[in-house]
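Engineer: Have a look at the structure that comes next, please.
Any read-out appearing in this document is the output of simple, stated calculations on the displayed coordinates, not a laboratory observation. Since the model is a prediction, treat every value here as computed from it, not as a measurement. In this analysis, Cβ positions are derived from the backbone assuming ideal geometry, glycine residues included, and neighbour counts consider all displayed protein chains.
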Amino acid sequence: MPGNTVRILDGNTFVVSEESGDIEATATEPTGLFSLDTRFLSTWVLTINGERLNPLSYDDLQYYEARFFLVPGAATHYVDAKLSVVRERAVGGSFRETLTILNHDENSVELEVRMAAAADFADLFEVKDDQLSKKGEIYTEVESDRLRLGYRRGNFRRETVITSSVPARFDQGGFAYTLHLAANEQWVAEIDVRTLTLGPGGRDLRMGLRAHGAERLALQQDLRKWIADAPKVNSEREDLTTTYRRCLVDLAALRFVPFSLGGAALPAAGLPWFMTMFGRDSILTCLQVLPFTPELSKTTLQILAALQGTRFDDFREEDPGRILHEMRYGETAAFEEQPHSPYYGSVDATPLFIVLLDEYERWSGDADLVRALQVECRAALKWIDNYADLVGNGYVWYERRNTDTGLDNQCWKDSWDSISYRDGTLPPFPRATCEVQGYAYDAKVRAARLAREFWDDPAFAEQLEREAADLKERFNREWWVEDGGYYALALDPDGRQCDVLSSNIGHLLWSGIVADERAPRIAEHLVGPRLFSGWGVRTLAKGEARYNPIGYHNGAIWPFDNSFVAWGLRKYGFAEEAATIANGILDAARYFDGRLPEAFGGYPRELTKFPVEYPTACTPQAWSTGAPLLLLRTMLGLEPHQGHLAVEPRLPVGMGRIEVLDIPGRWGRLDAFARGRLDLRQRGD
Amino acid sequence: MSEATTAFFKELDRRGYEPLLMRTTGTVRFDLHEGAHTTHWLVRIDRGQLRVSREDLEADATIGLSPALFEELAAGREHGIAASLRGDLTVSGDPRLFVQVERLFPGDPRSRGPRRAFEREVR
């Protein structure tokens, strides 16, 4: 990826460009105008009298709009520029660019203004995997008032239509204007780029898929309302307020409206690769932000329920009751070259679906939704017991059935080498990872509460509680690594432990599957020198064979992971350890202007002094955006309790005073106040 | 030939109630186009209660496709969502109804489903 890119987005439509506003995509550069997982503009280069322009500055004003200030000529002599060029652009429905040229000279000028425009219609997967070989036909149609760039493969048709508010000369490679600007005169053109999804007969097929707003004004009002509806956070530490604000805006930007549920939004996973719905990412993000934006949980649950698996499909790895992993709308999904229509290869989304429903009810009191989703919850529980137990010993396992394009690892650590034994070798399949057993345990405990309180089925509740207790007992027996004093990362089908020390043990605390007497040792590991870097908990502990400080799932630090680890620690009463992690991650956020990346390096804090961003990290990413919010909840000890909001703050001294105002829930709106009193010991290596 | 198509709608009508659609109400019309000729199938859904007829009445969602493609969908050999992304199947009206009804099509008959590592298959 080039050094600096400017990104604006609205739902599933986004533009990634250089700092000049130009787009010059190559097969691997993810710049362009994207919509529905397809690149609708791969070239968008502005020249004046044949010369490229240089950026003086740019502002990304809002997530959906940006402004670029440019001058002609190379960087060395632009101080003399007699021309200024301003490009203002916004996405929302379509992509619009307002081009303003100002002549500062006392003489008039003749200008040839040209925009080179082209589209390669690459599927996002082709860009991501660097494999662009289009099977269909790319066409260009020049009309007197528009340029039409198109792609056709069978009935699959995508078109980019470019028009201008002032007459332009359109040609095969773009469009141009010839201008005569008098002294101090200014010229403005509005360029509109529409992305069309056409069916037979040229009808737009978008089937109601749209972003949460369309027009700029609507987007502006929507963002204002989104911020006004969320709780206010005031803090003596200014960066915390900045981080909170950044997170709220990014969450607004990442909202995505799939075509299956008119108008309702769920969090998409992240820019640029993951602007779509993901079971796991959407659910975990909702859990993180529940105290702040609870409405996201409701729509996420409804959408995922509406697409819950109903049949066996080996290509999509669909089973009855399974919650989806990922949905895509591009060419590779359409022609079944990729399985995302949708793809179900996730082993944790299904138990997490139940966990979110219960947590959402505890905050919102929305009993209607719990009753409405009873059938889906029962189907999810059945999936856990019947279809996920691939070894037949009561655990949740995964082994892909789609051996061409399916995922090897169907847990959150989904890279190919994320699961290993201590000697670094990889286990055979099926595999069972520890955190998923925790989620399944938690799902049963929580479903028991739902069965008893809302489904009027106490017998089912008792059965679930028995099963959960049994699972906890066996798990503590079979997964405990004696010589390490922690739980194994995974089991192989012979029951052998993948006996490495990993961040996954923190999720076990969150799920409640850890035996009380073992919790202190787990807490000790999580803030100990092998796992804790000073910024956060590494995915894999130092000293393991596969440890690498920038190993994606083998040593890098994931803010989202840390937020659940901290929540788990707090649940078991380790408030100081939780605050230590919260403090480290929130400190790291400062170096990213409040926008935490997907992951950063596991180097010791003492060594680097600043968090080293993971090379190809995706940003903003939903569950990184949610992390500071969950850390706030954890430090303030916000917990729904018997219909009220309990507040039990344990803040480190450096946090000063924090207030969170207007926390929504079944209690209406309540405020929480806290002051930093915890004196944290120096931790990490 | 439209054996799977006829069997699919007959079975739907016979089923009478489908719990997957218990929160769904609306009408869906399938228009099977072959040249100038169009065959209509109308599915009325009332909180999971199903009624199928051959009427050509206005519906909340209209799904247009070829009889050959429908035959494949009804047999589980083609996938409705993928077909709609390709443009081989068009939806007008309320897309939610299409997504809900699509779940009633059978899975691919070649799919084996999850299998136990050491035993027989799970399903």
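Engineer: Which of A:I384, A:I581 has the fewest other C-beta atoms within 10 Å, and how do the rest follow up to the most? Provide the component values of the computation, followed by the final result.
Structural biologist: Working: A:I384 24, A:I581 28.
Result, fewest neighbours first: A:I384, A:I581.
Engineer: Within 10 Å of each Cβ of B:88-101, how many other protein chain Cβ atoms are there on average?
Structural biologist: Numbers: counts 6, 3, 7, 5, 4, 2, 3, 9, 7, 1, 3, 8, 3, 0.
For peptide B:88-101, the averaged partner shielding equals 4.
Engineer: Moving on to the next point. After finding the eigenvalues of the alpha carbon gyration tensor for the protein assembly as shown, what semi-axes result from the square roots of 5 times each, listed largest first in whole Å?
Structural biologist: 43, 37, 24
Engineer: Can you tell me the equivalent ellipsoid semi-axes for region A:230-678? Use √(5λ) from the Cα gyration tensor, largest first, whole Å.
Structural biologist: 29, 26, 23
Engineer: Could you work out how far helix A:295-306 tilts from the main Cα principal axis of chain A, as a 0 to 90 degree angle to the nearest 10?
Structural biologist: With both axes taken from Cα atoms, the answer is about 80 degrees.
Engineer: Determine the equivalent ellipsoid of region A:435-592 by diagonalising the alpha-carbon gyration tensor, then write out the semi-axes as square roots of 5 times the eigenvalues, largest first, rounded to whole Å. Provide the component values of the computation, followed by the final result.
Structural biologist: On the way: eigenvalues 170, 74, 33 Å².
Value: 29, 19, 13 Å, ordered largest first.
Engineer: Determine the sum of side-chain charges near A:A183: Lys and Arg each +1, Asp and Glu each -1, restricted to other residues whose C-beta is under 9 angstrom from that of A:A183.
Structural biologist: After counting each charged neighbour, the total is -3.
Engineer: Say the cut-off is 30 Å between C-alpha atoms; which of A:K472/A:K542; A:K128/A:K571; A:K413/A:K444; A:K135/A:K298; A:K128/A:K413; A:K413/A:K571 go over it?
Structural biologist: On the way: A:K472/A:K542 28 Å; A:K128/A:K571 39 Å; A:K413/A:K444 23 Å; A:K135/A:K298 40 Å; A:K128/A:K413 19 Å; A:K413/A:K571 23 Å.
Over 30 Å apart, Cα to Cα: A:K128/A:K571; A:K135/A:K298.
Engineer: For peptide A:334-340, how many partner chain Cβ atoms fall within 10 Å of a residue's Cβ, on average?
Structural biologist: Details: counts 8, 3, 6, 0, 0, 2, 3.
For peptide A:334-340, the averaged partner shielding equals 3.
Engineer: Which value in deg cm²/dmol, rounded to the nearest 500, describes the helix-derived mean residue ellipticity at 222 nm for chain A, given -39,500 (n - 2.57) per DSSP H run of n ≥ 4 and division by the residue count? Don't skip to the answer; put the middle values down first.
Structural biologist: Working: 17 runs with 198 residues, N = 685.
It comes out at -9000 deg cm²/dmol, rounded to the nearest 500.
Engineer: Order by neighbour count: A:Y244, A:Y572, fewest other Cβ atoms within 10 Å first, most last.
Structural biologist: Working: A:Y244 25, A:Y572 20.
Neighbour counts put them in this order, fewest first: A:Y572, A:Y244.
Engineer: Right, here's the next one. Which whole-percent values make up P(r) of region A:219-315 when all C-alpha to C-alpha distances are grouped in 5 Å steps starting at zero?
Structural biologist: 2, 12, 21, 22, 19, 12, 5, 3, 2, 1, 0
Engineer: Hand me the GluC sites (Glu not before Pro) from region B:37-123 located in a DSSP loop with no more than 15 other Cβ atoms within 10 Å, in residue order please. Walk me through the intermediate numbers first.
Structural biologist: Values: sites: B:E55, B:E58, B:E71, B:E72, B:E78, B:E102, B:E119, B:E121; in loops: B:E55, B:E58, B:E78, B:E119.
Qualifying residues, ordered by number: B:E55, B:E58, B:E119.
Engineer: Run the numbers on chain A and let me know its relative contact order in percent, using alpha-carbon pairs under 8 Å that are six or more apart. If you can, show how the numbers build up before the last one.
Structural biologist: Working: 1594 pairs, mean separation 68.7, N = 685.
After rounding, I find 10 percent.
Engineer: On a 0 to 90° scale, report how tilted helix A:575-590 is relative to the longest principal axis of chain A, with both axes built from alpha carbons and the result rounded to the nearest 10.
Structural biologist: For A:575-590 against chain A, the angle is about 10 degrees.
Engineer: May I ask for the angle, rounded to the nearest 10°, between helix A:434-453 and the longest principal axis of chain A, with both axes built from Cα atoms and the value confined to 0 to 90°?
Structural biologist: 80 degrees
Engineer: Can you compute the charge dipole magnitude of region A:291-387 about its Cα centre, using +1 on each Lys and Arg Cβ and -1 on each Asp and Glu Cβ, nothing else charged? Give it in debye, rounded to the nearest 20.
Structural biologist: Details: 9 positive and 18 negative charges, 61 e Å.
Charge dipole, region A:291-387, about its Cα centre: 300 debye, nearest 20.
Engineer: Another question, then. Using the count of nearby Cβ atoms within 10 Å as a rough guide to exposure, how do A:W479, A:W273, B:W41 rank from fewest to most?
Structural biologist: Values: A:W479 25, A:W273 17, B:W41 22.
Ranking A:W479, A:W273, B:W41 by Cβ neighbours within 10 Å, fewest first, gives A:W273, B:W41, A:W479.
Engineer: From other protein chains only, count the Cβ atoms within 10 Å of every residue's Cβ in A:304-313, then give the mean.
Structural biologist: For this peptide, the per-residue mean of nearby foreign Cβ atoms is 5.
Engineer: From the convex hull of the Cα coordinates of region B:3-102, what is the mean projected area in square nanometres?
Structural biologist: On the way: hull surface 23.3 nm².
Mean shadow area of the hull around the Cα atoms is 5.8 nm².
Engineer: With an 8 Å cut-off on Cα pairs and a minimum separation of 6 or more residues, tell me the relative contact order of region A:601-685 in percent.
Structural biologist: It comes to 24 percent, rounded to a whole number.
Engineer: DSSP loop (so not H, G, I, E, B), at most 10 other Cβ within 10 Å: list which GluC sites (Glu not before Pro) in region A:389-483 pass both filters.
Structural biologist: On the way: sites: A:E399, A:E435, A:E453, A:E462, A:E465, A:E467, A:E473, A:E478, A:E482; in loops: A:E399, A:E482.
In loop regions of region A:389-483 (DSSP not H, G, I, E or B), the sparsely surrounded GluC sites (Glu not before Pro) are A:E482.
Engineer: Give me the dipole magnitude in Debye, nearest 20, for chain A about the Cα centre, with unit charges on the beta carbon: positive for Lys and Arg, negative for Asp and Glu. Spell out each step's value before the answer.
Structural biologist: Numbers: 76 positive and 101 negative charges, 198 e Å.
So the dipole magnitude of chain A works out to roughly 960 debye.
Engineer: Dipole of the protein assembly as shown (Lys/Arg Cβ +1, Asp/Glu Cβ -1, origin at the Cα centre): which of A:N49, A:L284, A:H553 lies farthest to the positive side?
Structural biologist: A:L284
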